[in-house]
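Remarks on the structure that follows.
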Amino acid sequence: MGIGHDSKLSQMRKRPTGDEAEFGETSPLRRRALLELIGYLIAGSIPMLLLAFLLVGFQPLELSLATAFYFVGSLLIIRLLRRGFTLNSLGAGNLITLIRFVAVSALFSAIFVSANPWLIVVISVLAMVLDGFDGFFARKTGAVSEFGARLDMEVDSALAVVLALNIWLSGIASPLIVLLALPRYLFAAASYLFSWLNKPLPERYSRKVVSVIQVATLVGLNAPIIPSWFVLPVSLVVAASLIWSFGKDVIWLRRSR
């Protein structure tokens, strides 16, 4: 899982080389990857709208919000690829991550309107399951890249935020539930203020476990069978695990300045 502050976060701080910084101007092969990405994003808008329609029906406002979310996210993804990409093709791993982005955008349509909670859970679980395959295929095909790692992390983070917002606005929990989805963004914001937070982190299995628990909890709390009394204690447990995981990394970074 990419949510959290694992070592992939440090990779995106690297300055692009001169060739990477001029993507699309000096490398026809990389320009091909950009056109491939744009093509995938345009094609993905169709299943995104179909999924959103399945969730909320013919609700023009909600469908428009999902479309806007998808459009803005697509622009950010294109910008991310233009900042530096060393391969001439996106590969299967990035394509799977883009499919997950389609699912997250569709889920955004259900935030402000009543939708079938089980359908939300099913789509969310699908996005989680696919998260276990994008990195696998990237490594298997030799298509591992800084862009792919960052894209995976951002899609994971967006999924957590969308799920947390849906829990809150559905009346399942208080606005504090949104805090469970924000640690990665808070850590990233802090790294701009404190440069020592940009240092690469060592691989740590517990960090990945906490990330899985974070998203799985947000998915589970969207299920209608979860009793209301269960929300607070499980949220506190997840919050404690996130504080422990982030705190451990912050202390390590502080000591190794």
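The values are calculated or read from the model by the stated rules, or taken from the named source; none is laboratory data. Remember, it's a predicted structure, so these values are computed and weren't measured experimentally. Here the Cβ is made from the backbone with ideal geometry for all residues, glycine too, and neighbour counts use every protein chain on show.
Remarks
- Among the residues listed as Leu119, Leu98, the single one being at pLDDT 90 or above, surrounded by fewer than 23 Cβ atoms within 10 Å (Cβ to Cβ) and either among the charged types (D, E, K, R) or under 18 Å from Gly73 (Cβ atoms) (or both): Leu98
- Residues that are touching a Pro at 6+ places or on another chain (Cβ under 8 Å) and buried (at least 17 other Cβ atoms within 10 Å of the Cβ), drawn from region 59-92: Gly84
- Residue selected from region 38-67 under the condition among the aromatic types (Phe, Trp, Tyr) and more than 19 Å from the chain's Cα centre (by Cα), by the criterion nearest to Ala115 (Cα to Cα): Phe53
- Residue in region 1-18 that is more than 24 Å from Arg139 (Cα to Cα), at pLDDT below 90 and part of a helix (DSSP H, G or I) present: yes
- Taking each residue of region 231-243 that is under 11 Å from Leu221 (Cβ atoms) and touching a residue at least 24 places away in the same chain (Cβ under 8 Å) and looking for partners that are buried (at least 17 other Cβ atoms within 10 Å of the Cβ) and hydroxyl-bearing (Ser, Thr, Tyr) with beta-carbon atoms closer than 6 Å, six or more apart or interchain, yields Val238/Thr217.
- Conditions (1) closer than 24 Å to Ser74 by Cα; (2) touching a Pro at 6+ places or on another chain (Cβ under 9 Å); number of the one not met by Phe147: (2)
- In region 200-232, the residues that are surrounded by 15 or more Cβ atoms within 10 Å (Cβ to Cβ) and farther than 23 Å from Asn166 by Cβ: Leu201, Arg204, Arg207, Lys208
- For region 68-177, the helices (runs of 4 or more DSSP H) that sit wholly inside it and include 1 or more residues that are on the phi > 0 side of the Ramachandran plot are 91-108.
- Answer from Leu201, Leu242 - the residue that is farther than 23 Å from Ala115 by Cα and in a loop (DSSP other than H, G, I, E, B): Leu201
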